[in-house]
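The values are calculated or read from the model by the stated rules, or taken from the named source; none is laboratory data. In this text the structure is predicted, and so the values were computed from the model without any measurement. Here the Cβ positions follow ideal geometry from the backbone for every residue, glycine too, while neighbour counts run over all protein chains shown. Accessible surface is based on the protein model in full, side chains and every heavy atom, while ligands, DNA and RNA are left aside. Shrake-Rupley method; radii C 1.70, N 1.55, O 1.52, S 1.80 Å.
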Amino acid sequence: MSLFALGLRGGISVAMALSLPKEVSRSVVLALTYAVVVFSVLVQGLTVGRVTRRAPGAGVREPLGPGPRSPPAFCFPQLLASGELAVIESSEERTMRRALMVVALCLPAVGAGQRADLSWAGSWCIWLQAPSIDALAQSPYDVVVIDYSHDGSAAGEFSHDDIARLRAAGKTVLAYLSIGEAEDYRFYWKASWEPGSPAFIGEENPDWPGNYAVKYWTSGWWSKAIEPYLDRILAAGFDGVYLDRVDAYWWWYDVGGISYRTCANRMVTLVERIASYARERAGDGFVVCPQNGEGILDDAGAAYRARWLAAIDAVGAESVFFNIWSEEDRDYRLSKLAEYDAAGKKILSIECIDEADWGEYFGLIDATGLDMIGYPAAADMLLDELILY
């Protein structure tokens, strides 16, 4: 009975923890289980003698002779000549204290130093224009990507309470952030800005008026846009960032005439800096998920590729199956996504398609065999509504 009552059986607990599916954060449960088992063995086990001595019928032996009783097996204070209190500690208490120290050293700091794990996520959505906190909280999606602001402006910024409501509903909430282009409706944009002034502003995107290429590797872009933007995202309590226009590095090679390797390495450095900045302030669990630009795995140098994979937790992939450039491009992107999958990165796929294509879309995802979850956005590409499927 003592073995069961004092928690000295850990094998079953560990086995049950190992049998859990990864969707329930098995690593955290396993770490806690090991800690409880160690505690049970080292600490509770030391009390077996005391319990058995106090069991009914065990009796209590009085000391022989007239001498004083032995001190009880717990600490008590003694007043020293100096007037200070000293703690007298029995050998059993000392052993228990040392055992507690061992447990403390063995117990991992759950959450501290632990990177985000999105392997559990079975669904996701992205809603950028006028998203509704209420609708998202009631939605079935595990991962939610929204703009940091209801309307993109500083006045429309979501509050900490807004994001907390989504998190309380079980959502992992990522803030959309364009890092390869400047947007003229953002808080950081100045009325005087134009291509070439400041120096990091490039040409306007002909397909998206109001969006401008930026020299994303410059200190000006970081200090005037990225850093203050991250500060707002962190203050609101987002779980991470969804980084758009990562593929803009190719524009600077194709149009700007800069070596593609240099452009790719510079993008890796920026994303790495974003990850470090956010995790220093919000913890290592802060999610970094770049979208598109899968070719960076080939275009960046070998050392930069390793740094890239170390910095990110997941990857977004837009228009891989529909609205593609070519079958060759699709196959290449899928091969790169397979490399992300092999590196343990969750893949968030988005296709802007009609409802009639939903069945085919999810069938194509299943056929890849990758750890990929899909979201069928509206075909107009505006991302101004929540699609439920």
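In vacuo Debye scattering of the range 282-389, one point per C-alpha: log10 I(q)/I(0) at q = 0.11, 0.12, 0.16, 0.21 Å⁻¹?
Debye output, listed in q order: -0.37, -0.44, -0.76, -1.17.
Going Cα to Cα from Lys171, which lysines come in below 18 Å? Please leave out same-chain ones fewer than 8 positions away.
By straight Cα distance, Lys171 reaches Lys22, Lys346.
In bins 5 Å wide, starting from 0, what share of all Cα pairs of the range 232-324 does each bin hold, as a percent?
Going out from 0 Å in 5 Å bins, the range 232-324 shows 3, 14, 23, 23, 17, 13, 7, 2 percent.
Given R₀ = 30 Å, FRET efficiency for Trp208-Gln114 by Cβ-Cβ distance, to 0.05?
Details: r = 37 Å, r/R0 = 1.25.
After rounding, the FRET efficiency stands at 0.20.
Provide the per-residue ³J(HN,Hα) series for the range 265-270, in order, calculated from phi with Karplus coefficients 6.51, -1.76, 1.60 and θ = phi - 60°, each as a whole number of Hz, with x at glycine and proline positions.
Here the 3J(HN,Hα) series is 4, 5, 5, 4, 4, 5 Hz.
Give me the percent of Cα-Cα pairs in the range 245-296 that sit more than 18 Å apart, rounded to a whole number. Could the numbers behind the result be given before it?
Values: 488 of 1326 pairs.
In whole percent, the long-distance tail amounts to 37.
Can you pull the percent of Cα pairs in the range 173-248 with separation above 20 Å? Don't jump to the answer; show the numbers that get you there.
Values: 770 of 2850 pairs.
Summing the P(r) tail past 20 Å for the range 173-248 gives 27 percent.
How far apart, in nm, are two points set 7 Å out from the Cα along the Cα-to-Cβ line at Glu227 and at Ser197?
Computed distance between label sites Glu227 and Ser197 equals 2.5 nm.
Using the basic label-point model (7 angstrom from Cα toward the beta carbon), what is the Asp161 to Glu385 distance in nanometres?
3.0
At 1.4 Å probe size, with no ligands or nucleic acids counted, give the accessible surface of Lys171 in Å², nearest ten.
Using a 1.4 Å probe on the heavy atoms, I get roughly 20 Å².
Sorted from largest down, give the three principal axis spans of the alpha carbons of the range 108-182, whole angstrom values.
So the three principal-axis extents are 42, 31, 22 Å.
Treating only the Cβ atoms of Lys and Arg (+1) and Asp and Glu (-1) as charged, compute the dipole magnitude of the range 135-212 about its Cα centre; round to the nearest 20 debye. Mind showing how you got there, number by number?
Working: 5 positive and 13 negative charges, 86 e Å.
Computed charge dipole of the range 135-212: roughly 420 debye.
Not counting ligands, DNA or RNA, and with a 1.4 Å probe, what is Glu328's accessible surface area in Å² rounded to the nearest 10?
Number for this one is 150 Å².
Give me the three principal axis extents of the range 280-339 from the C-alpha atoms, as integers in angstrom, largest value leading.
Extents along the principal axes, in whole Å: 42, 24, 14.
How high is the relative contact order of the range 279-344, in percent, counting Cα pairs under 8 Å that sit 6 or more residues apart?
On the way: 42 pairs, mean separation 23.5, N = 66.
With pairs under 8 Å counted, the relative contact order is 36 percent.
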